Amino acid sequence: MAEFSGRTLGMASGIIVLAAIAAWLGLAHSCDPAGGTGVIAGRVAIAPNLTDQVRPTDVLFVIVRRPQGPPRPIAAKRIDHPKFPVSFEITNADVMVQGAELRGMVDVVARLDRDGQAGPAQPGDIEGQYKNNPTLPGGRDLEITLDKVR
């Protein structure tokens, strides 16, 4: 029978404590217990003090990216002429690289884009993010409020 050292048991206890803290802080909020459904869904609203800045030509982008990774998105959804609040659903069909999947910890952000072009935010764009970032795919109740003007 294998003998476990105090160090091994301490590491295992540490992992369990970190998982409990992550769940308590909401880092695992919206996690799909089945794992790997590759869906992130919710609603995007705009802060009341910014509603008068919405233009008919604006485009809403909901973007999924790695928390500590490169700024390029893993997946994105484009919504033309949004009427707030806007529901969204991002699936594996929306990933940027064919064959990739929505999995692992991700940040979900939204941007009301003035010029309608994908890419970095420009002056005048309005942004917001999911308050429990990072999260895991599987969530269907994410709420994002656009509240920051670039």
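The values are calculated or read from the model by the stated rules, or taken from the named source; none is laboratory data. The model shown is predicted, which means the values in this text are computed figures rather than measured ones. Cβ atoms come from the backbone with ideal geometry, glycine included; neighbour counts cover every protein chain shown.
Before moving on, here are some points about what is shown:
- Residue match in region 74-81 (condition: over 13 Å from the mean Cα position of the chain (by Cα), outside any strand (DSSP E or B) and over 14 Å from GLY38 (Cβ atoms)): yes
- ALA41 satisfies every condition listed in (1) modelled with pLDDT of 95 or more; (2) over 18 Å from the mean Cα position of the chain (by Cα) except (2).
- From PHE84, PHE88, residue being among the aromatic types (Phe, Trp, Tyr), outside any loop (DSSP other than H, G, I, E, B), modelled with pLDDT of 95 or more and touching a strand residue (DSSP E or B) at 6+ places or on another chain (Cβ under 7 Å): PHE88
- Among residues of region 43-71 that are surrounded by 11 or more Cβ atoms within 10 Å (Cβ to Cβ), none has a Cβ under 6 angstrom from a residue that is assigned to a helix (DSSP H, G or I) and acidic (Asp, Glu) at a sequence gap of 6+ or on a separate chain.
- The residue that is modelled with the highest pLDDT, among those in region 109-150 that are of a type in the set (Asp, Glu) and loosely packed, with under 14 Cβ neighbours inside 10 Å, is GLU143.
- Selection count where residues are in a loop (DSSP other than H, G, I, E, B) and acidic (Asp, Glu), scope region 109-150: 4
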